[in-house]
Amino acid sequence: MYHGRNTSYRASSYPNRHVDGRQRGLKNRLVLARILSAALLGVEAVLVRVEVDVASGLPAFTTVGLPDSAVRESRERVRTSIRNGGYAFPNDRVTVNLAPADLRKEGAAFDLPIALGILAATGVVKARSASVAVVGELALDGQIQPVRGVLAAALTCRRERVTTLLVPVANRVEAAAVPGLEVLAAGTLRHAVDLLNGDAVSEAEKPAEAPVAAIADDADFADVRGQAHAKRALEIAAAGGHNVLLIGPPGGGKTMLARRLPGILPPLTPDEAIEVSTIWSIAGLLAPRSGLCSTRPFLARDRSVLRTTRSPCPASSVAAGLHIPAR
């Protein structure tokens, strides 16, 4: 019977308000970890924040932030390498964000930072006070494979005041060419974890003199016979740093002369060597465990000449200071 305002309606009078009889806490356990990495953009590198979130829920592994197919496939490499490295992969919902989200992320260099981010979120990797950037590709057994563009990433880290760069062992000499940057080299995922936790030292300490990547080409300007006017023009261009345009019928000796021009050019300055080596590194032409390029490269735009040219560097025509017109 309804008694109007004399009847009070209290929340406690509803037996189904708390079906279990007590207030339950939140079930979501959010863990967020951040690690710096680098993405290639043209002939330069851009810092990328690898953000890893591990939360309770159905097991899933999602990568966002405009990744390409190689980055999306990294979840299988990362999961397998973590388990084969002796660590437990979280049986939760893992979300990886590559920021900034409007920049295209390409290549397998994000394998290692993603794996370390997951291990940091689960408490395996301890937080470091100094800023650290990480690049590297993971094999299924936990080995760290070399990647391209490490020199560009090292230059970006120095410009953005990132003090430490963790790279594969095969890329250590390349990254060590940048002064003012601490380079850590790891051969396996477990070694990378120990390096970040301060429990190990970097592999292959820097030698007294880093090896130099030289361009093997036996073309000598002294071998040219005749062509007095063309040789005089090339000598003036080499001395003054001018451009050269060679025009003539096929078989006239244009390519033969142009191939020998780098031999009379002055040696690369340290800044020029870093610039040329950066382009080679991004193009994947810099051999593993090699240092900076010491000689000026050469590019022949004629396909028939490319088969005999030893230096297919995309920007070598600029470095050599010449231009060869296409026939």
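The values are calculated or read from the model by the stated rules, or taken from the named source; none is laboratory data. Remember, predicted model here, so these are calculated numbers, not experimental data. Virtual Cβ from ideal backbone geometry, glycine too; neighbours counted across all protein chains shown.
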Restricting attention to the stretch 241-257, and to residues there that are in contact (Cβ under 8 Å) with a residue 24 or more places away in the chain and part of a loop (DSSP other than H, G, I, E, B), which single residue is farthest from P297 (Cα to Cα)? P250
Could you tell me which numbered condition C293 fails, if it satisfies all but one of (1) touching a strand residue (DSSP E or B) at 6+ places or on another chain (Cβ under 6 Å); (2) modelled with pLDDT under 80? (2)
Qualifying residues in the stretch 68-93 (those that are hydroxyl-bearing (S, T, Y) and in a helix (DSSP H, G or I)) - the one farthest from A55 (Cα to Cα): S69
So A238, is it at pLDDT below 90 and outside any loop (DSSP other than H, G, I, E, B): no
Selection from the stretch 258-299 of residues polar (S, T, N, Q) and either in contact with a Cys (Cβ under 8 Å, 6 or more places away or on another chain) or outside the structural domain of I236 (by TED's automatic domain parsing) (or both) yields S277
Here is a check on your reading of the model: is A233 within 23 Å of the chain's Cα centre (by Cα) and part of a helix (DSSP H, G or I)? no
Which listed residue is in a strand (DSSP E or B) and at pLDDT below 95, from V96, V54, V48: V54
Which condition does P267 not pass, out of (1) touching a helix residue (DSSP H, G or I) at 6+ places or on another chain (Cβ under 9 Å); (2) within 30 Å of A154 (Cα to Cα); (3) surrounded by 11 or more Cβ atoms within 10 Å (Cβ to Cβ), if it passes all the others? (3)
Answer residue from the stretch 57-67, given it is of a type in the set (A, V, I, L, M) and part of a strand (DSSP E or B) and is nearest to D92 (Cα to Cα) among those: A60
When every residue in the stretch 57-76 that is hydrophobic (A, V, I, L, M, F, W, C) and over 16 Å from the mean Cα position of the chain (by Cα) is compared, the one nearest to L103 (Cα to Cα) is L66
How about the stretch 99-122: which of its residues are among the charged types (D, E, K, R) and either over 18 Å from Q143 (Cβ atoms) or in a loop (DSSP other than H, G, I, E, B) (or both)? D102, R104, K105, E106
Selection count, the stretch 256-284, where residues are among the β-branched types (V, I, T) and closer than 26 Å to D223 by Cβ: 2
Residues of the stretch 280-295 satisfying the condition of being touching a residue at least 40 places away in the same chain (Cβ under 8 Å) and surrounded by fewer than 23 Cβ atoms within 10 Å (Cβ to Cβ): A283, G284, A287, P288, R289, S290, G291, S294, T295
Taking the stretch 102-141 and the residues there that are of a type in the set (S, T, Y) and closer than 14 Å to L195 by Cα, the one that is modelled with the highest pLDDT would be S131
Single residue of V147, V125, V183 found to be buried (at least 20 other Cβ atoms within 10 Å of the Cβ), outside any helix (DSSP H, G or I) and out of contact with any strand residue (DSSP E or B) (no Cβ under 6 Å at 6 or more places or on another chain): V125
The residue that is nearest to K254 (Cα to Cα), considering only those in the stretch 296-322 that are crowded, with 17+ Cβ neighbours inside 10 Å and at pLDDT 50 or above, is A300
